[in-house]
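Only one structure is covered here, and it is reproduced in the block below.
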Amino acid sequence: MLPAWLNLTRTVRFGDTDAAGVMHFHQLLRWCHEAWEESLELYGIEAKTVFPGCRDQERWPDTALPVVQCSANFKKAVHGGDRLVVRLTPQRIDQGCFEVRSQFLLNEQEVANGLIRQLAINVPTRRRCPLPDAISRWLEAAEIGQIKEL
(Lines give C-alpha, C1' and ligand atoms only; values in the text may rest on other atoms or scores of the structure.)
Protein backbone atom coordinates (compact mmCIF):
# COMPACT_ATOMS: atom_id res chain seq x y z
CA MET A 1 0.00 0.00 0.00
CA LEU A 2 1.28 3.45 -0.92
CA PRO A 3 2.18 5.82 1.92
CA ALA A 4 -0.71 8.11 2.89
CA TRP A 5 1.23 11.13 1.66
CA LEU A 6 1.08 9.69 -1.89
CA ASN A 7 -2.57 8.57 -1.72
CA LEU A 8 -4.91 11.51 -1.11
CA THR A 9 -8.65 12.16 -1.42
CA ARG A 10 -10.54 15.14 -2.82
CA THR A 11 -14.20 15.90 -3.41
CA VAL A 12 -15.22 17.77 -6.55
CA ARG A 13 -16.94 21.00 -5.49
CA PHE A 14 -19.40 23.17 -7.40
CA GLY A 15 -16.65 25.73 -8.07
CA ASP A 16 -14.56 23.03 -9.78
CA THR A 17 -17.23 22.44 -12.42
CA ASP A 18 -18.33 24.25 -15.55
CA ALA A 19 -21.86 25.06 -16.80
CA ALA A 20 -22.34 21.40 -17.80
CA GLY A 21 -21.69 20.30 -14.21
CA VAL A 22 -18.39 18.55 -14.96
CA MET A 23 -14.91 19.40 -13.79
CA HIS A 24 -13.27 22.09 -15.92
CA PHE A 25 -9.87 21.12 -17.36
CA HIS A 26 -7.89 23.85 -15.61
CA GLN A 27 -9.15 22.61 -12.24
CA LEU A 28 -7.49 19.25 -12.87
CA LEU A 29 -4.10 20.94 -13.28
CA ARG A 30 -4.73 22.96 -10.11
CA TRP A 31 -5.61 19.75 -8.29
CA CYS A 32 -2.38 18.12 -9.51
CA HIS A 33 -0.31 20.96 -8.05
CA GLU A 34 -2.32 21.13 -4.82
CA ALA A 35 -2.00 17.36 -4.34
CA TRP A 36 1.79 17.71 -4.67
CA GLU A 37 1.76 20.52 -2.11
CA GLU A 38 -0.41 18.47 0.28
CA SER A 39 1.87 15.47 -0.16
CA LEU A 40 4.90 17.57 0.83
CA GLU A 41 3.06 18.82 3.94
CA LEU A 42 1.97 15.31 4.95
CA TYR A 43 5.53 14.09 4.48
CA GLY A 44 6.73 16.87 6.82
CA ILE A 45 8.05 19.53 4.45
CA GLU A 46 6.79 23.00 5.32
CA ALA A 47 5.57 25.13 2.42
CA LYS A 48 7.91 27.96 3.39
CA THR A 49 10.95 25.77 2.69
CA VAL A 50 9.85 25.34 -0.95
CA PHE A 51 7.53 28.18 -1.97
CA PRO A 52 8.32 31.91 -1.81
CA GLY A 53 6.04 34.37 -0.06
CA CYS A 54 4.83 32.19 2.82
CA ARG A 55 3.97 33.73 6.17
CA ASP A 56 6.79 33.79 8.74
CA GLN A 57 9.33 33.06 6.04
CA GLU A 58 12.68 34.48 7.15
CA ARG A 59 13.98 34.55 3.59
CA TRP A 60 12.89 33.28 0.22
CA PRO A 61 14.30 29.96 -0.97
CA ASP A 62 17.41 30.24 -3.19
CA THR A 63 15.91 27.69 -5.57
CA ALA A 64 12.73 28.09 -7.60
CA LEU A 65 10.83 25.17 -9.12
CA PRO A 66 9.03 26.47 -12.23
CA VAL A 67 6.68 24.15 -14.06
CA VAL A 68 8.19 23.35 -17.46
CA GLN A 69 5.63 20.82 -18.67
CA CYS A 70 2.08 19.93 -17.68
CA SER A 71 -0.81 17.91 -19.04
CA ALA A 72 -4.30 16.90 -17.98
CA ASN A 73 -6.34 14.04 -19.43
CA PHE A 74 -9.93 13.11 -18.72
CA LYS A 75 -10.93 9.48 -19.32
CA LYS A 76 -14.50 10.01 -18.12
CA ALA A 77 -16.55 12.98 -16.98
CA VAL A 78 -15.86 14.05 -13.40
CA HIS A 79 -18.95 15.50 -11.71
CA GLY A 80 -19.60 17.73 -8.72
CA GLY A 81 -19.78 15.62 -5.55
CA ASP A 82 -17.48 12.89 -6.88
CA ARG A 83 -15.05 11.77 -4.19
CA LEU A 84 -11.76 10.95 -5.87
CA VAL A 85 -8.62 9.21 -4.76
CA VAL A 86 -5.56 11.08 -6.00
CA ARG A 87 -2.60 8.74 -6.36
CA LEU A 88 0.77 10.45 -6.87
CA THR A 89 3.79 8.95 -8.61
CA PRO A 90 6.81 11.26 -8.28
CA GLN A 91 9.91 10.56 -10.33
CA ARG A 92 13.32 12.22 -10.49
CA ILE A 93 14.27 12.97 -14.10
CA ASP A 94 17.81 14.15 -13.32
CA GLN A 95 19.70 16.02 -10.60
CA GLY A 96 17.65 19.18 -11.11
CA CYS A 97 14.33 18.01 -12.55
CA PHE A 98 11.38 15.89 -11.41
CA GLU A 99 7.81 15.14 -12.34
CA VAL A 100 4.71 14.12 -10.46
CA ARG A 101 2.09 12.02 -12.20
CA SER A 102 -1.37 12.21 -10.67
CA GLN A 103 -3.97 9.52 -11.18
CA PHE A 104 -7.57 10.35 -10.26
CA LEU A 105 -9.71 7.36 -9.30
CA LEU A 106 -13.46 7.08 -8.76
CA ASN A 107 -14.52 3.73 -7.30
CA GLU A 108 -11.03 2.38 -8.12
CA GLN A 109 -11.42 3.30 -11.80
CA GLU A 110 -9.22 5.94 -13.42
CA VAL A 111 -11.28 8.93 -14.54
CA ALA A 112 -8.42 11.39 -15.14
CA ASN A 113 -4.68 11.83 -14.90
CA GLY A 114 -2.21 14.66 -14.98
CA LEU A 115 1.49 15.40 -15.07
CA ILE A 116 3.51 18.31 -13.78
CA ARG A 117 7.26 18.50 -14.47
CA GLN A 118 9.40 21.01 -12.61
CA LEU A 119 12.95 22.20 -13.01
CA ALA A 120 15.18 23.62 -10.27
CA ILE A 121 16.76 26.99 -10.98
CA ASN A 122 18.94 29.22 -8.86
CA VAL A 123 16.86 32.35 -8.24
CA PRO A 124 19.61 35.01 -8.60
CA THR A 125 21.26 33.50 -11.70
CA ARG A 126 18.18 31.83 -13.25
CA ARG A 127 20.40 28.86 -14.18
CA ARG A 128 19.63 25.20 -13.61
CA CYS A 129 20.75 23.79 -10.29
CA PRO A 130 20.27 20.66 -8.16
CA LEU A 131 16.90 20.09 -6.50
CA PRO A 132 16.55 21.34 -2.92
CA ASP A 133 17.47 18.73 -0.29
CA ALA A 134 13.89 18.54 1.03
CA ILE A 135 12.54 17.70 -2.44
CA SER A 136 15.30 15.12 -2.99
CA ARG A 137 14.40 13.42 0.32
CA TRP A 138 10.70 13.41 -0.64
CA LEU A 139 11.50 11.88 -4.04
CA GLU A 140 13.73 9.18 -2.49
CA ALA A 141 11.05 8.28 0.08
CA ALA A 142 8.42 8.17 -2.67
CA GLU A 143 10.56 5.79 -4.70
CA ILE A 144 10.93 3.49 -1.69
CA GLY A 145 7.15 3.66 -1.08
CA GLN A 146 6.45 2.75 -4.70
CA ILE A 147 8.86 -0.21 -4.56
CA LYS A 148 7.10 -1.51 -1.44
CA GLU A 149 3.80 -1.22 -3.33
CA LEU A 150 5.06 -3.66 -5.96
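The values are calculated or read from the model by the stated rules, or taken from the named source; none is laboratory data. Source: prediction; values computed, not measured. Positions of Cβ are generated from backbone atoms using ideal geometry, with glycine treated the same way; all protein chains shown enter the neighbour counts. Areas reflect the complete protein model, heavy atoms only, side chains present, ligands, DNA and RNA absent. Shrake-Rupley method; radii C 1.70, N 1.55, O 1.52, S 1.80 Å.
Between Ala47 and Leu139, what FRET efficiency comes out of the Förster formula 1/(1 + (r/R0)^6) with R0 = 25 Å and r the beta carbon distance, rounded to 0.05?
Numbers: r = 17 Å, r/R0 = 0.69.
Rounded to the nearest 0.05, the efficiency is 0.90.
How would you order 85-95, 30-40 from highest to lowest mean count of nearby Cβ atoms within 10 Å?
Numbers: 85-95: 16.6, 30-40: 19.0.
Going from most to least packed, we get 30-40, 85-95.
Compute the accessible area per residue over the chain, keeping the other protein chains in place, probe 1.4 Å, unit Å². Mind showing how you got there, number by number?
Numbers: 8820 Å² over 150 residues.
Roughly 59 Å² per residue, with all protein chains present.
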- Magnitude of the Cβ-charge dipole of the chain, K/R +1 and D/E -1, about the Cα centre, nearest 20 debye? 300
- Query: Relative contact order of the range 6-150: what whole-number percent is it, with Cα pairs under 8 angstrom and at least 6 residues apart?
  - Reply: 26
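Which value, in nm² and rounded to one decimal, describes the direction-averaged projected area of the C-alpha convex hull of the chain?
Details: hull surface 38.5 nm².
Seen from a random direction, the Cα hull of the chain projects 9.6 nm² on average.
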- Item | Apportionment of accessible area to carbon and sulfur, the chain, percent (1.4 Å) | 50
- Item | Theoretical ellipticity at 222 nm over the chain - DSSP helices of four or more residues, -39500 (n - 2.57) apiece, nearest 500 | -8000 deg cm²/dmol
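With a 1.4 Å probe and all protein chains kept in place, how do Asp133, Asp62 rank by accessible area, largest first?
Working: Asp133 115, Asp62 75 Å².
So, going from the largest accessible area down, we get Asp133, Asp62.
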